[in-house]
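Working notes, structure below.
The values are calculated or read from the model by the stated rules, or taken from the named source; none is laboratory data. Here the structure is a predicted model, which is why all the values come from computation and not from measurement. Cβ placement follows ideal geometry from the backbone for every residue including glycine, while neighbour counts extend to all protein chains displayed. Protein only, heavy atoms only, side chains kept; ligands, DNA and RNA dropped before computing areas. Shrake-Rupley method; radii C 1.70, N 1.55, O 1.52, S 1.80 Å.
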Amino acid sequence: MSGWVDEWIERVQVKATMNNKAILPKMGRLLLLAFWAGSVLLWLISDPLGDRSIAAIPPANIRVAQLPMPSFPATLDATNKPPSGVQRYGAIEVASVFLDEQELFKVASPTVLDRKNPGQQVPVEVRANQIEANLKRVIVQDQPQDIQQKRGYTTRFDPKTLQVFLAKVRGETVIVVKDNYRTQRLSLLTITNLDADYYGLSIDDLAKQWHTTLSTELAAKLQERLPEKSGKRIEAAISAGLLALCACLLLWLVQRSLERQDKQLKAEQVTGQQDVLAKLEQSAATAPSNNAVQPQKQLEFGRSPLVFSRRHLLNIFRWLLGWAQVVVCLLGLAAILRSFPETNRLSADLLGIPALLLLIWFLMVLANWVGEILIDRFALAWETDQLRAFQIFEFDDLQRKSLRISTAITALHGLKTFAVWTMGGALALQVFGIPISSVLTGGALVAFGVSLAFQNLIKDLINGCLILWEDQYGLGDTVSISGTTGLVESMNLRVTQIRDVEGRLITIPNSSIIKVENLTRTWSRVNFDLQIAYETDVDKAIAVVDEVAQTLYAESEWRDRILETPKVLGVENLSHTEMTIRTWIKTKPSEQWNIGREFRRRIRRALAKNNIRGSIPHQVSGVGDQVSGVGGQVPEVEDHGLGHGG
């Protein structure tokens with residue numbers, strides 16, 4: 001028995017000696033797998049399921065030893081990730097080998113966890129760089145001038161007599177190169193067991209494959225660097241430059257032609273608007289006011305910047321032609337650089353990240369144009385009552401509708417710009433190799449911290465959205481917010497700016513807006529209170545006020561601004577010294593102040609004409625019961641030009 005065992009051991013040793021490097025990694029993996037399987041099996045046998053279920057909860061008086069949890073080495077952290085261009089697959093790392101920016105194959109090396117202190121290990125990127133340096137030594141153009149004239153080539157190795165072959169050096173397969181003028185062979189690379197394992201081939205088969213690749217590529221690169229090929233490369237570069245120049249010139253001529261057409265259309269549009277305006281002025285005196293609404297709408301439609309017309313198309317074509325010129329110039333420059341082997345890398349770099357960034361910029365501008373067109377079409381459909389199926393877009397008052405459209409379109413433009421820039425920034429980060437998920441995670445943490453510090457800003461944005469959605473007020477409305485009254489000049493999701501009667505521009509954060517008084521929403525009202533003396537004939541005073549109101553309403557200059565017949569409500573308040581007569585005049589939005597001023601002026605003249613005294617207290621003179629009052633005084637007037645929502 002012992003002899004048989006000795007013979008078996010001897011056979012194993014001989015076989016291991018013949019292919020030691022191929023067996024040891026596999027044996028190591030098998031032993032490691034067997035060790036883990038045996039440990040799990042031993043744990044299951046020594047601790048059955050029933051015992052583990054009972055002993056899972058130890059008694060309180062027994063101290064259980066805490067077993068250390070398995071952990072990865074300290075070197076396996078985020079700081080020891082493989083560098084750019086290196087892929088890690090467990091125990092091996094892989095990097096590509098390039099020649100003139102063209103990938104030839106990939107080489108493998110053992111994984112290096114600590115690249116700052118690799119010890120005797122060689123990182124795979126160092127090995128790949130060394131192989132690339134050896135390949136460049138073959139095709140480098142460093143021959144002296146006399147040898148160039150004698151032999152007819154400028155590279156270090158002769159293109160005609162170049163030989164790439166396999167050799168055995170200390171038992172390892174090596175790819176070497178030589179020519180007729182060099183007795184010393186140049187070693188290019190050594191094929192290792194890890195290379196063969198990565199490709200799933202034997203060392204001999206992989207060596208033949210790489211030998212064929214290098215023979216073909218090195219011969220082609222040497223042929224490209226022959227002196228007779230330089231003239232052809234120069235001719236190709238000149239042809240590419242002239243072709244790009246002609247294409248740019250042709251595109252520029254087309255762009256100039258479109259520019260002239262745009263100027264002609266602009267002149268025709270201005271002429272058409274002037275003709276429509278002249279016709280409106282001629283028919284204004286004869287046509288009723290209601291019939292003049294449609295021509296006025298047509299005039300506004302022709303002058304509106306929201307109209308999608310032929311000028312929009314011409315501007316888009318001109319913009320596309322401008323970008324086409326940039327692309328043609330970029331491609332022409334890349335073709336010129338690619339004509340020479342020394343500038344191949346610059347050509348690849350030019351068509352790499354810069355071209356992608358230029359493409360992203362083009363897509364951003366195009367998306368911005370498309371967004372502008374869609375928003376304009378939406379505004380036009382809203383303005384021409386094509387969205388009546390949706391109740392949120394339906395308004396009976398044309399002025400209120402116009403204010404709502406302008407406010408909503410302003411907010412949509414801001415949202416569109418934010419979305420376009422966000423998407424463009426995300427694509428640019430992808431081009432630079434920065435993962436968006438990491439940026440979003442970091443952005444979320446930053447946003448959370450900022451939200452804690454800028455809570456009022458978040459409230460401003462939320463309240464601004466609610467104000468816009470509920471249409472509490474819009475641009476051009478006159479509002480009263482927190483005791484401040486004025487015209488809304490500007491508003492966004494963060495602040496509202498109003499201009500008061502003294503010309504001051506007041507900025508109010510949206511988060512502080514709790515109560516809004518809109519004085520010009522749908523319709524407005526003149527709330528007119530007239531205080532007269534107690535002794536005045538009340539019926540006469542009411543008749544005078546009503547006559548003034550009806551006369552004002554009957555005049556064409558004021559009738560268009562007043563929505564309903566003025567109402568004299570009667571005696572609103574009565575005391576021992578005075579009476580209050582209230583009048584309501586319902587007006588169009590923002591017209592209550594003009595009508596109120598004119599109404600007060602006419603009331604003043606009518607009261608003086610009819611000798612109606614105001615509620616000024618009497619001045620007492622003399623003694624006893626003889627009291628004389630100063631009569632004929634103008635009564636006190638209290639007027640509230642309030643706007644009420646309808």
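With the whole protein complex present, W252 retains an accessible surface near 120 Å², based on a 1.4 Å probe. Ranking S257, S109 by solvent-accessible area of protein heavy atoms (1.4 Å probe, all protein chains present), from largest to smallest, gives S257, S109. Heavy-atom accessible area for M491, with the other protein chains in place and a 1.4 Å probe, reaches approximately 30 Å². In summary, the lysines within cross-link reach of K588, defined as a Cα separation below 29 angstrom excluding same-chain residues under 8 places away, comprise K279, K297, K401, K515, K567. The distance linking region 555-595 with region 317-347 is 74 Å (Cα centroid to Cα centroid, whole angstrom). Beyond a 25 Å Cα-Cα separation, which of these cross-linked pairs lie in this structure: K106/K229; K106/K178; K150/K221; K116/K208? Beyond 25 Å: K106/K229; K116/K208. Figure note: W210, W469, W593 ranked by solvent-accessible area, largest first, 1.4 Å probe, ligands and nucleic acids not counted: W469, W593, W210. All other residues whose Cβ lies under 15 angstrom from that of R137 are scored, Lys and Arg at +1 and Asp and Glu at -1, for a net of +1.
Of all the accessible heavy-atom surface of region 492-626, with the other protein chains kept in place and a 1.4 Å probe, what percent is carbon and sulfur? Exposed carbon and sulfur together represent 48 percent of the surface.
Solvent-accessible area of E259, all protein chains in place: 50 Å² (probe radius 1.4 Å, heavy atoms, ligands and nucleic acids excluded). Computed over protein heavy atoms with a 1.4 angstrom probe, the accessible surface ordering of K586, K208, largest first, is K208, K586.
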